[in-house]
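Novice: First, the structure itself, so that you have it in front of you.
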């Protein structure tokens, strides 16, 4: 796999992770949903909200760039590595709980992405032969 694609994957996961963490920080800052002007102003002026917008714009650009280079299946699967990265970030920096079942789920996600990546690599090698 080309170095640029790997870096693109990592950047995509980073953007998705930042977006999810932005949701957590924003929710903590603004509290319960109240469809009122004051609440909406508090929402859009929260740094976490800005982080969400920037992260998902970045993820969109990266996804659209990567999808021109590789098949959608492995890309879609790899984009779900954010579930693992968000779990790790939440455990380490936010002090959230991470159970054995959740760790096993994270391992299954990583294994699935690796298997899809390997099958994509083998498929590409067979097509070039």
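Novice: What ranking, highest mean first, results for peptides 69-78, 91-100, 36-45 when packing means the other Cβ atoms within 10 Å averaged over each residue?
Specialist: 69-78, 36-45, 91-100
Novice: Same structure again: How are the Cα pair distances of segment 11-74 distributed, in percent, across 10 Å bins from 0?
Specialist: 23, 39, 23, 12, 2
Novice: Of 61, 101, how do they rank once you tally other Cβ atoms within 10 Å and put the fewest first?
Specialist: With the fewest neighbours first, 61, 101 line up as 101, 61.
Novice: Could you tell me what fraction of 2.2 N^0.38 Å the Cα radius of gyration of segment 3-128 comes to, as a two-decimal ratio?
Specialist: 1.26
Novice: Give me 119, 79 ranked fewest to most by other Cβ atoms within 10 Å of their Cβ, as a rough exposure proxy.
Specialist: 119, 79
Novice: Which of rounded, prolate, oblate describes segment 52-102, given a ≥ b ≥ c as roots of the alpha-carbon gyration tensor eigenvalues and a/c under 1.5 marking rounded, otherwise prolate only if a/b is larger than b/c?
Specialist: It comes out oblate by the Cα gyration axes.
We did not get these values from a lab; they are worked out from the coordinates using the rules stated. In this text, all values refer to a predicted model and were calculated from it rather than measured experimentally. With ideal geometry, Cβ positions are generated from the backbone for all residues, glycine too; neighbour counts draw on all protein chains shown.
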